[in-house]
Amino acid sequence: MITAATDRVADWRERRQADPRHDKRTASWLGVALGVSFTVCFLTGLASHLLQHRPSWFAWPTRPVWLFRLTQGLHVFTGIVSVPLLLAKLWSVAHQLLDPPKVRPISGLVARVSLIPLVAGSLFLLVTGVLNIDYWYPFRFFFPPAHYAVAWLTVGALVVHIGANATTVRRELGPGRGGASSRAPADVRARRRFLGFVAASSATLLITTVGETAGPLKRLALLAPRRPDVGPQGFPVNRSFAESRISPRRVDPATWRLRVHGRVAQPVELTLSQLEALPQRSAALPIACVEGWSAERTWTGVAVHDVLALAGVTGRPSAVVRSLERGSTYASSDLTADQVGDSLTLLALRVDGEVLHPDHGYPLRLIAPARPGVLQTKWLSEIEVR
Amino acid sequence: MTTGGPEAEPRGTAHGVGFWTAAAVGGMFMAFGVHTLVRTRAVAPVGHVLPWLVGLLVLHDAVITLALIVAGWALTRLLPDWLLGPVRGALALSLLIVVFSAPLWRRYGVDPANPSRLPLDYAPAVLTVLGLVWLAAAAVAVQRWRTRPPLR
């Protein structure tokens, strides 16, 4: 009876190997697509990580102003597109789970073992990534460092996997007919149908989510956790005033002050009306959240370098801006010398001509070009020059 | 995946210098990943991350894959050829959409203090997308029924 069951499984595996949806050519196409999408996700995720934990060697331009909006949009939506690609790839090669384990050659063992972190890591990245953009945290770890560490683990395993399979992929997809997969017309049709279905599945998820950053598609964003035009003053909020737990007394214009200190000629404290009396600048800048949504608005306020000039600051210093909020990872953010000197790095008092809503950072927030939304610090109370 | 296993590749090509270079670079990346995980254990304890890594792998490889193979086998027995492809595709995509959007239609991430988060009524939104998927599947099925080969 056991022999009969083993024979049936072996038969099934053989039939699968001959099925064009499960052969090497199909696996190669899906592998190439995933190789590209994971590379894009990794590089754009790395950019976001470095921007939020900026090492001294890392330079990030302040132009174009939509640079982070683009890179983070690529990160999130390439990740979403990768969900059907990964599931299809795993389904197309699932019968290989039954391949007998082989210890020799050692390269084969290394390639096989590396599949464990590759598959586990890929599933982890896509699942936690989707949960994060949907603001649901059923896990007991802080998402960014876990996602970042597992990304290195997964991409490392991906590099090993590419090294093990590059020759097969070249043979299957390259010019000539060196591949082992069938090119019979019926098989070619079946393979195309399957790959077409996978592409359509990725397109479905993309079209129903990308409108949270691509405004013209917002009506199609039925499966997106945000709409770029929904929220106070017509755009979303990541952290509300209530969530910040700042006492309303502390944003009362009668008592609120912006303190400028650190490496300055003379520390200054500015009231809201003093800031309003300074030369105002307006700029159309996107607020681009790490979770993938973005919205461009016209911000009006005072350039950071104009305020620093009042404290007698000269040269090209860097600075840190701090919020009234306490105890949050994002209650302060660093400004590089380039950002401090940029006339579009604003201490914003208004958005689209209106005084900021408390959820958008009243009385004063930072808005600067090409930065993650979490670094556009709200409810500002001080600038420390370094 | 290791399509066909290493024995299918001529030695010295797929598993030659190129492979070992990739293995060395990939190994360094993986080691950095493990190092980062250990370094950030205060906020992302390895004991909490590892069960998710292993759990998702086991859930996928042992449960979901097996269930899909059995469901695929059952559909092949139940449906005629012209209907099999569209139904199988629509079922798979529907399942994916329902699971992918579960945090939205289950409203897990809703925060009353922040109404811009999950602002839609997601149950009808998901049903709309599912309706369109099955409409497309029906169109494909009709086209296949029209062009089906005659019964012998």
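Nothing in this text is a laboratory measurement; each read-out follows from the coordinates by a stated rule. This structure is a prediction, so every number in the text was calculated from the model and none was measured. So basically every Cβ, Gly included, is an ideal-geometry build from the backbone, and we count neighbours across all protein chains shown.
Work out the length of the dipole vector of the range A:124-204 about its Cα centre, built from +1 on the beta-carbon of each Lys and Arg and -1 on the beta-carbon of each Asp and Glu, and round it to the nearest 20 debye. List each step's numbers first, then the result.
Working: 9 positive and 3 negative charges, 98 e Å.
That gives the range A:124-204 a dipole magnitude of about 480 debye.
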Practice prompt. Place a label point 7 angstrom from the Cα of residue A:328 along the Cα-to-Cβ direction, then list the residues of the range A:39-64 whose backbone nitrogen is under 20 Å away.
Written response: A:49, A:51-54
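Suppose every K and R has +1 on its Cβ and every D and E has -1 on its Cβ; what is the size of the dipole of the range A:202-284 about the Cα centre, in Debye to the nearest 20? Intermediate values should be presented prior to the final figure.
On the way: 12 positive and 6 negative charges, 33 e Å.
Dipole about the Cα centre, nearest 20: 160 debye.
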Practice prompt. Report the FRET efficiency, 1/(1 + (r/R0)^6), for residue A:182 and residue A:261, where r is their Cβ-Cβ distance and R0 is 60 Å, rounded to 0.05.
Written response: 0.25
Response to the item:
Taking A:310-318, A:90-98 and ranking on average Cβ neighbours within 10 Å, highest first, one gets A:90-98, A:310-318
Response to the item:
Answer in debye to the nearest 20: the dipole magnitude of the protein assembly as shown about its Cα centre, from +1 Lys/Arg and -1 Asp/Glu charges placed on Cβ, is 1220
Worksheet item: Hey, if you put +1 on the Cβ of every Lys and Arg and -1 on every Asp and Glu Cβ in the range B:98-152, which of B:150, B:108, B:120 ends up farthest toward the positive end of that dipole?
Response: B:150
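From largest to smallest, what semi-axes in whole angstrom does the range B:7-152 give when each is the square root of 5 times an eigenvalue of its alpha carbon gyration tensor? Don't jump to the answer; show the numbers that get you there.
On the way: eigenvalues 305, 197, 39 Å².
Result for the range B:7-152: semi-axes of 39, 31, 14 Å.
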Worksheet item: Once the Cβ-Cβ distance between residue A:343 and residue B:46 is put in as r, and R0 is 56 Å, what FRET efficiency do you end up with, to the nearest 0.05?
Response: 0.75
Worksheet, complete the sentence: Percent of all alpha-carbon pairs of the protein assembly as shown at distances over 37 Å, whole number, is 40
Worksheet entry | Residues with amide H under 5 Å from that of residue A:349, placed H, sequence gap 5 or more | A:300, A:301, A:302
Discussion item. Can you show me the helix-derived [θ] at 222 nm for chain B, built from DSSP H runs with n ≥ 4 at -39,500 (n - 2.57) apiece and divided by the number of residues, rounded to the nearest 500.
Written reply: -21500 deg cm²/dmol
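Using Cα-Cα distances under 8 Å and only pairs 6 or more residues apart, what relative contact order does chain A have, in percent?
On the way: 601 pairs, mean separation 69.6, N = 386.
Once normalised by length, the contact order is 18 percent.
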Item to complete: Calculate the length of the line joining the C-alpha centroid of the range A:220-246 to that of the range A:322-386, in whole Å.
Response: 17
Worksheet item: Any idea how far apart residue A:192 and residue A:10 come out in nm if each label point goes 7 Å out from Cα toward Cβ?
Response: 3.7
Practice prompt. Compute the relative contact order of the range A:1-114 as a whole-number percentage, counting only Cα pairs closer than 8 Å that sit 6 or more residues apart in sequence.
Written response: 37
Practice prompt. For peptide A:87-98, compute the average count of partner chain beta-carbon atoms within 10 Å of each residue's beta-carbon.
Written response: 4
Worksheet entry | Cα-based shape type of the range A:255-317, given that a ≥ b ≥ c are square roots of the gyration tensor eigenvalues and the cut on a/c is 1.5 | prolate
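Taking other Cβ within 10 Å of each residue's Cβ, how do A:194, A:42 sort, fewest first? Walk me through the intermediate numbers first.
Values: A:194 22, A:42 19.
Listed from fewest to most nearby Cβ atoms, that is A:42, A:194.
In what order do A:106, A:287 fall by count of nearby beta-carbon atoms within 10 Å, going from fewest to most?
Details: A:106 12, A:287 25.
With the fewest neighbours first, A:106, A:287 line up as A:106, A:287.
Based on the Kirkwood radius over alpha-carbon pairs, what is the Stokes-Einstein translational diffusion coefficient of the range B:69-152 at 37 °C with 0.692 mPa s viscosity, in µm²/s?
Value of D from the Cα-based Kirkwood radius: 218 µm²/s.
Using the per-residue mean of other Cβ atoms lying within 10 Å as a proxy for protection, in what order, highest first, do the peptides B:61-72, A:229-240 fall? Walk me through the numbers before you get to the answer.
Details: B:61-72: 13.9, A:229-240: 20.3.
Ranking, from highest mean packing down: A:229-240, B:61-72.
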Discussion item. Averaged over its residues, how many other protein chain Cβ atoms are within 10 Å of peptide A:253-266's Cβ atoms?
Written reply: 0
Worksheet, complete the sentence: Projected onto the charge dipole of the protein assembly as shown (unit charges on the beta-carbon of Lys, Arg, Asp and Glu, signs +1, +1, -1, -1), the Cα from A:210, A:95, B:30 with the largest positive-side position is that of A:95
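If you rank B:32, A:38, B:100 by fewest surrounding Cβ atoms within 10 Å, what's the result? Mind dumping the intermediate values first?
Details: B:32 15, A:38 24, B:100 21.
Ranked by crowding around the Cβ, least crowded first: B:32, B:100, A:38.
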Practice prompt. Would you work out which of A:135, A:310, B:58 lies farthest towards the positive end of the dipole of the protein assembly as shown, given +1 charges on the beta-carbon of Lys and Arg and -1 on that of Asp and Glu, about the Cα centre?
Written response: B:58
